[in-house]
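So the structure is just underneath, and the comments pick up after that.
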Amino acid sequence: MAASDKRAQRESDIIQSTLELLKQKGFMELKMSEVAKHAQYSMGTVYSHFSSKEDLLLGCATSVAGQVEATFQKILTSTMAPTERLLTVIIANWLSDARDPHYFFLRQLAMNPDIWTRASEKRAQVLNDICHCVAQKVEALIVELLPDNPSLMTSKHDGTITDILMGLWSMSEGLYRISLSGFGLKQPSFHKDRGLNLLAINLEKYLRGWGWTLEFSPALVASCKAQAETMISELIH
């Protein structure tokens with residue numbers, strides 16, 4: 001095995017060990033010595049890959065984000081209609097979080113600006129590039145949907161597509177965070193199907209507010225959910 005391959009394997013081992021430990025304890029309680037012991041590497045080896053605990057956190061977030069990006073890529077390049085692809089990618093984001101809620105909290109923590117400033121610039125840039133790549137692909141999908149929305153076709157202005165994207169992501173992330181809260185546990189709308197139906201209803205209303213005349217029927221939601229589950233099972237480990 002080439003030296004570069006060995007280094008990549010060590011880094012992968014350290015990240016996987018960290019992800020396993022983060023299922024058992026919070027980031028603040030995690031010690032680099034525990035990571036080294038669990039990965040069966042010396043402290044020197046761990047620090048030769050990750051300059052700090054924050055750098056390691058971004059490494060973990062990047063690993064998870066890479067798997068999610070692969071899922072999104074498969075959905076966005078599929079032969080489904082644009083509306084179905086949009087709904088499926090939003091559902092896939094929700095289901096991937098529901099499958100591993102600790103990854104959701106890992107992502108939230110990794111986006112803290114203090115974490116980024118304490119991690120290496122290279123590590124932060126890699127994660128930023130993944131997020132930017134996903135955003136560009138979803139924005140391209142929104143552009144595909146514009147012919148179905150004459151009001152936006154005639155009054156489109158700079159920043160509109162990004163505004164729509166930010167609203168979609170904010171809604172998905174916000175609703176999922178509420179579903180995990182004490183308040184969410186008390187809401188019947190989150191009990192059935194982990195709140196997926198509530199997500200679809202709000203997504204439909206949000207897009208109607210922008211001028212689309214879309215209808216996410218129960219059959220369409222079920223179909224998109226099945227597609228998302230299949231792709232997640234194939235690509236996220």
May I ask you to rank Glu234, Glu204 by accessible area, largest first, using a 1.4 Å probe over the protein chains only?
-> Glu234, Glu204
Rank His191, His102, His38, His49 by accessible area, highest first, at a 1.4 Å probe radius?
-> His191, His38, His102, His49
Selection from Ala222, Thr83, Met43 lying farthest towards where the dipole of the chain points positive, charges on Cβ | Met43
The stretch 33-147: relative contact order from alpha carbon pairs under 8 Å, six or more residues apart, as a whole percent, is 40 percent
Under unit Cβ charges (Lys, Arg +1; Asp, Glu -1), what dipole magnitude, rounded to 20 debye, does the chain have relative to its Cα centre?
-> 520 debye
Separation of alpha-carbon centers, the stretch 90-132 and the stretch 161-199, rounded to whole Å | 18 Å
Determine the gain in length on full extension of the stretch Asp13-Thr117; use 0.36 nm per residue of separation and subtract their C-alpha separation, reporting nm with one decimal.
-> 35.0 nm
Name the trypsin sites (Lys or Arg not before Pro) in the stretch 163-237 that are in a loop by DSSP and that have at most 16 other C-beta atoms within 10 Å, would you?
-> Lys186
Pairs over 27 Å Cα to Cα, from Lys6/Lys53; Lys186/Lys225; Lys31/Lys186, come to Lys31/Lys186
Labelled set [x] 35, 20, 16; [y] 41, 24, 14; [z] 40, 19, 15; semi-axes √(5λ) of the Cα gyration tensor in Å computed from this model equals the value at [x]
Pairs of Cα atoms farther than 25 Å apart, the stretch 1-137, % = 31 percent
In this structure, the FRET efficiency calculated for Thr162 and Gln40 from their beta-carbon separation, with R0 = 45 Å, to the nearest 0.05, is 0.50
Spin-label proximity, Ser151 to the stretch 194-226 - amide N less than 13 Å from point 7 Å beyond Cα toward beta carbon | 205-214
Theoretical gain in end-to-end length, Glu144 to Arg99 [0.36 nm per residue, Cα-Cα removed] | 13.2 nm
Which percent of the accessible heavy-atom area of the chain goes to carbon and sulfur, probe 1.4 angstrom?
-> 55 percent
Assigning unit charges at the beta carbon (Lys, Arg +1; Asp, Glu -1) and nothing else, what dipole magnitude in debye, to the nearest 20, does the stretch 54-179 show about its Cα centre?
-> 200 debye
Given a cut-off of under 8 Å on Cα pairs at least six residues apart, what relative contact order in percent is computed for the stretch 112-237?
-> 19 percent
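The values are calculated or read from the model by the stated rules, or taken from the named source; none is laboratory data. Everything numeric here is computed off the predicted structure, so don't read it as measured data. Reconstructed Cβ throughout: ideal geometry from the backbone, glycine too, with neighbour counts over all protein chains shown. Note: areas computed on protein heavy atoms with side chains; ligands, DNA, RNA excluded. Shrake-Rupley method; radii C 1.70, N 1.55, O 1.52, S 1.80 Å.
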